[in-house]
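See structure below.
The values are calculated or read from the model by the stated rules, or taken from the named source; none is laboratory data. If you're wondering where the values come from, they're calculated on a predicted model, not measured in any experiment. Cβ placement follows ideal geometry from the backbone for every residue including glycine, while neighbour counts extend to all protein chains displayed.
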Amino acid sequence: MKNLINLIDKKLDEYMPICYPEDIFKAMKYTLSLPGKRLRPVMCIETARVLGCDINKVLPSACALEMLHVQSLIHDDLPCMDNDDFRRGKPSNHKVFGEANAVLAGDALLTFAPQLIIEKSKDLSSEQIIKILHEYTKFAGAYGLIAGQVVDIESEGGKLIKSAEETLDFIHLNKTAVLFRLAVRIGAICADADEKTFKKFDTFATKFGLAFQIYDDIMDEISSFEELGKSIGKDKVSGKLTYVSLYGLENSKCKFKELINECYGIIEQYNSKIFKTILDKLYRRISGDEEQ
Ligand code: GRG
């Protein structure tokens, strides 16, 4: 896993040389190069690998996914959104580069990512590239990430069109699960997976994404700035709709474990050390190491 993360970091740097005007590239590279977990590119590459695809084919798309994820983090931290001063243990993008450059750095990452897929995916067919770009634009936009963020903001202001339970699931599925789904779907496209396999990985990523957001909600309650690298306890103060606020801490832990156990079941047949490591790590943290 460490080797894979090092490879992703190397490629992220290599794919984005600094050009004029340097300020925008510096802002883009700042949050991108901070030590994130790289979960989305890792899951994209591992999906492709277990399905028999050479990982070099998928590297540009995997790095593009991290760029999209980082864009969402930069914009999420802005004062007009979640207003967070820290990200990945360091001052947020707008704290270092100013609001205008942080907005532009996010916009630039969002557009750099598909450019990278088109320019660097030399070993994929045109049909595969079109499929990947279709997935990217659908999941990043108003049918995905943006939809999740809009409903999240609205719910914070008390505006609920659907029930609290339905609203929360909508937010989790669109704000968080969507990028894990995008990751495995792109990996499966690169590997030319059949429909049944594609759906299996999609179900895995949907369940994993929900579990991951529940994990994030729980950590906001029980963790520390040192562990997470961002401000904690903010959800509670802002009266945000979260799994913990709606169902309580213990029920949230149970739901999280149930989903992760389902993930183990789906992925078991692929014998993937990397998927197992990711699931184990999250499960152990929530169980306080006493289970497994
Ligand atoms: C796509 C134009 C466009 C806008 C995006 C701002 C926004 C709309 C969406 C916010 C999405 C968001 C920040 C969701 C939170 C998901 C989440 C749990 C992030 C933390 O992921 P980790 O823990 O972070 O994998 P690292 O830093 O390790 O990569």
Residues within region 73-101 that are surrounded by fewer than 24 Cβ atoms within 10 Å (Cβ to Cβ), more than 10 Å from the ligand (Cβ to nearest atom) and among the small types (G, A, S), tallied: 2
What pairs come up if the first residue lies in region 1-27 and is more than 15 Å from I274 (Cα to Cα) and part of a helix (DSSP H, G or I), the second is at pLDDT 95 or above and acidic (D, E), and their beta carbons are under 7 Å apart, counting only those six or more places apart or on different chains? L12/E66
Pull out all pairs, ordered by first then second residue, where Cβ-Cβ is under 6 Å, the residues are six or more apart or on different chains, the first lies in region 45-72 and is farther than 16 Å from N6 by Cα and more than 11 Å from the ligand (Cβ to nearest atom), and the second is of a type in the set (D, E) and modelled with pLDDT under 95. K57/D123
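For region 117-131, give me each residue that is away from the ligand (no atom under 16 Å from the Cβ) and of a type outside the set (G, A, S).
Of the residues in region 117-131, the ones away from the ligand (no atom under 16 Å from the Cβ) are 118-131.
Selection gives I118, E119, K120, K122, D123, L124, E127, Q128, I129, I130, K131.
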Number of the condition not met by E135 [criteria: (1) within 26 Å of K230 (Cα to Cα); (2) in contact (Cβ under 8 Å) with a residue 12 or more places away in the chain]: (1)
Only one of these is farther than 29 Å from A62 by Cβ and surrounded by fewer than 23 Cβ atoms within 10 Å (Cβ to Cβ): I218, I161. Name it. I161
I'm trying to understand the selection: among the residues of region 174-199, which are among the acidic types (D, E) and either in contact (Cβ under 8 Å) with a residue 40 or more places away in the chain or within 18 Å of T137 (Cβ to Cβ) (or both)? D192
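Scan region 21-31 and give yes if some residue there is within 22 Å of Q115 (Cβ to Cβ), under 18 Å from the mean Cα position of the chain (by Cα), surrounded by 14 or more Cβ atoms within 10 Å (Cβ to Cβ) and not hydroxyl-bearing (S, T, Y), otherwise no.
yes
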Could you look through region 132-154, keep only residues that are over 26 Å from S121 (Cα atoms), of a type in the set (A, V, I, L, M) and in contact with a helix residue (DSSP H, G or I) (Cβ under 7 Å, 6 or more places away or on another chain), and pick out the one that is farthest from the ligand (Cβ to nearest atom)? V151
Six or more apart or on different chains, Cβ atoms under 9 Å: show the pairs whose first residue is in region 147-173 and polar (S, T, N, Q) and modelled with pLDDT of 85 or more and whose second is surrounded by 12 or more Cβ atoms within 10 Å (Cβ to Cβ) and part of a loop (DSSP other than H, G, I, E, B). Q149/M81; S155/K240; S155/L241; T167/L160; T167/L241
Among the residues of region 227-250, what is the count of those that are among the polar types (S, T, N, Q) and within 13 Å of S287 (Cα to Cα)? 0
Single residue of L282, L182, L241 found to be on the phi < 0 side of the Ramachandran plot and either outside any helix (DSSP H, G or I) or modelled with pLDDT under 95 (or both): L241
Return yes or no: is A205 in contact with a Pro (Cβ under 9 Å, 6 or more places away or on another chain), closer than 30 Å to L124 by Cβ and in contact (Cβ under 8 Å) with a residue 12 or more places away in the chain? no
